[in-house]
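The values are calculated or read from the model by the stated rules, or taken from the named source; none is laboratory data. Just so it is clear, the model here is predicted, and its values are computed rather than measured. With ideal geometry, Cβ positions are generated from the backbone for all residues, glycine too; neighbour counts draw on all protein chains shown. When the accessible area is computed, the model is the full protein with side chains, heavy atoms only, and any ligands, DNA or RNA have been set aside. Shrake-Rupley method; radii C 1.70, N 1.55, O 1.52, S 1.80 Å.
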Amino acid sequence: MLVMIVFDKVSFTYGENLILKEISLKISPGELVAIVGPNGSGKSTLVKHINGLLLPTDGEVTIDGLNTKTKEHLWEIRSRVGIVFQNPENNLVASTVEEDVAFGPENLGYPPEKIVASVKKALQAVGMEQFSKRPIQMLSGGQKQKVALAGALALGSKYLILDEATSMLDPQGQQELLSVILKLNKEKLLSVIMVTHNIEEAALASRIIGISEGRIAFDGTPREIFSNSDLLEEIESELPEVTKLGYRLESRGLNLKNPVLSEDELVKRLCCSI
Ligand SMILES: Nc1ncnc2c1ncn2[C@@H]1O[C@H](COP(=O)(O)OP(=O)(O)O)[C@@H](O)[C@H]1O
Ligand SMILES: [Mg+2]
């Protein structure tokens, strides 16, 4: 069985409008993928195909070999693929943290001992175990997003989709959620697919996919993408500030082995080049 997400020539129309145009791609377990592109380019439409919230008009999406068009596979697909949306208010359903995280496993009919254990483990994984009895409305936006993440983990998700999940949070909430996501990807071998407007956030991924007008404009590592600024222009985006600084220093005669992806990297290369 093929263990990965596969889009095979996926097209999707809303009414008359062709929104996704023959998208083909594969995402393997453990990857950390950023999806970037202008507003309205089709990013949310694309990721909603991964857990069968939307079905292709043409082409196929398979998750670990399970076709999203096969109704009997839908629950299995939804437990493998967790999704966290932009607005923290829309991701949660129950009144307390532990009830919310237990909601998915309860609906799947897990036995009570298994539910208790999976809720505990999931809350630990996102660093929210001390808040388990807390009413949801007392949490900050960032904490709500972490509880939504725990909900996906409690279901045993292998693939996590974050559709601009950090964009409504304050900088501290963004930072905290991101570090939990990176940790989960690194330690638990979860695949993470994050739609983001923030190119600095995309630079943390192992792969960046650019979407423009429903097509894949580019697909590569941050270093590959940031070596060619024309690619980012195509999606109305720009290089991260630290990467721009690296190029500016190069134009002043410093050999930095551009592009640089982070402040740490810039500091290391500056130390080596002096
Ligand atoms: N429910 C809908 N009905 C009709 N058109 C929609 C619907 N949702 C999105 N669209 C259209 O599909 C296109 C892609 O939207 P979306 O996937 O949300 O883009 P993005 O997430 O990149 O901003 C846009 O032109 C949008 O207007
Ligand atoms: Mg969107």
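Key figures
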quantity	calculated
Anisotropy class of the chain from Cα gyration tensor, a/c 1.5 cut	oblate
Stretch gain in nm, segment ASP219-GLU241, where the contour uses 0.36 nm per residue and the Cα spacing is subtracted	5.8 nm
LYS133-LEU108 FRET efficiency (beta carbon distance; Förster radius 25 Å; 0.05 resolution)	0.60
Amide proton proximity set for VAL84, modelled H, under 5 Å, gap of 5+	ILE161, LEU162, ASP163
With DNA, RNA and ligands ignored, accessible area of ASP219 (1.4 Å probe; Å², nearest 10)	70 Å²
222 nm mean residue ellipticity, helices alone, for the chain (DSSP H n ≥ 4; -39,500 (n - 2.57); rounded to 500)	-11500 deg cm²/dmol
Cross-link pairs beyond the 31 Å C-alpha cut-off, checked among LYS9/LYS121; LYS144/LYS257; LYS48/LYS183	LYS9/LYS121; LYS144/LYS257
FRET efficiency, SER229 to LYS71 (Cβ-Cβ, R0 51 Å, nearest 0.05)	0.65
Cα lying deepest toward the dipole's positive end in the range 38-81, options ASN39, THR57, THR70, charges on Cβ	ASN39
For the chain, share of DSSP beta bridges that run antiparallel, in % to the nearest 5	55 percent
Approximate spin-label separation LEU55-SER140, in nm, with each point projected 7 Å along Cα-to-Cβ	4.2 nm
Computed E for LYS121/LEU254 - FRET, C-beta separation, R0 51 angstrom, nearest 0.05	0.60
Positive-end residue of PHE103, SER11, LEU204, charge dipole of the range 5-236 with Cβ unit charges	PHE103
For the range 225-273, accessible area per residue (1.4 Å probe, heavy atoms of protein chains only), Å²	64 Å²
Accessible carbon and sulfur surface of the chain relative to its total accessible area, %, 1.4 Å	51 percent
Unit charges on C-beta of K, R, D, E only; dipole of the chain, Debye	680 debye
Sparsely packed GluC sites (Glu not before Pro) within the range 117-219, loop by DSSP, other Cβ within 10 Å at most 16	GLU213
